Amino acid sequence: MRGGRRPGVGSRRRVAPAQDGPPPDREPKKRLTADERAAEKAKKDRARELYVQRTYGISPQMYRDLLTYQGGRCWGCRRATGASKALAVDHNHRTGEVRQALDSTCNEIVGHFRDDPAALVRLGLALVDPPSRAAWLGEGKTHPGWTVHPDDEQYLAW
């Protein structure tokens, strides 16, 4: 046989046998009581408040007011509530002005377009009036097999 080893022989990684419980050099993680969990959450929330205040210059009350104004949801997608992960503070990097609270995905989208509102508007309009219609069919025409959703007309009038 050329090449030395036979396929599958000696190529498997050896795994240590399963142990009962944690490794001897580490103690098992202690389960927290309800009071301890609440204290941990309060500590984490306070650290977040201090970070937002130090970084963006807004008080915790101002952040809560912004969330209340936004209906407690991400201003972009209107889905995320910040229940599992706090909403990000979107701000103008040149002026420092706080604009809105966004979930991480919407915040990354705004950042990807480098705060260019024209690019975001173009994309929004392309969802209801795609350039493919004009490119393939001519201005103002639609393909007979394609239907225009009633909501599209509402957005086009916008």
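The values are calculated or read from the model by the stated rules, or taken from the named source; none is laboratory data. What you see is a predicted model, and the numbers here were worked out from it, not measured in a lab. Glycine gets a Cβ as well: all are built from the backbone with ideal geometry, and neighbour counts include every protein chain shown.
Descriptive notes on the structure:
- In the range 52-80, the residues that are under 11 Å from the mean Cα position of the chain (by Cα) and over 14 Å from residue 115 (Cα atoms): 74, 77, 79, 80
- Restricting the range 12-53 to residues that are over 24 Å from residue 90 (Cα atoms) and surrounded by 10 or more Cβ atoms within 10 Å (Cβ to Cβ), the residue that is modelled with the lowest pLDDT: 22
- Some residue of the range 68-87 being within 24 Å of residue 124 (Cα to Cα), hydroxyl-bearing (Ser, Thr, Tyr) and surrounded by fewer than 12 Cβ atoms within 10 Å (Cβ to Cβ): yes
- Leading residue by the ranking (farthest from the chain's Cα centre (by Cα)) among those in the range 93-111 that are polar (S, T, N, Q), surrounded by fewer than 17 Cβ atoms within 10 Å (Cβ to Cβ) and more than 17 Å from residue 51 (Cα to Cα): 95
- The range 112-140, subset exposed (fewer than 11 other Cβ atoms within 10 Å of the Cβ) and not in a helix (DSSP H, G or I), residue modelled with the highest pLDDT: 114
- Test: residue in the range 75-98 that is in contact with a His (Cβ under 8 Å, 6 or more places away or on another chain) and not in a loop (DSSP other than H, G, I, E, B): yes
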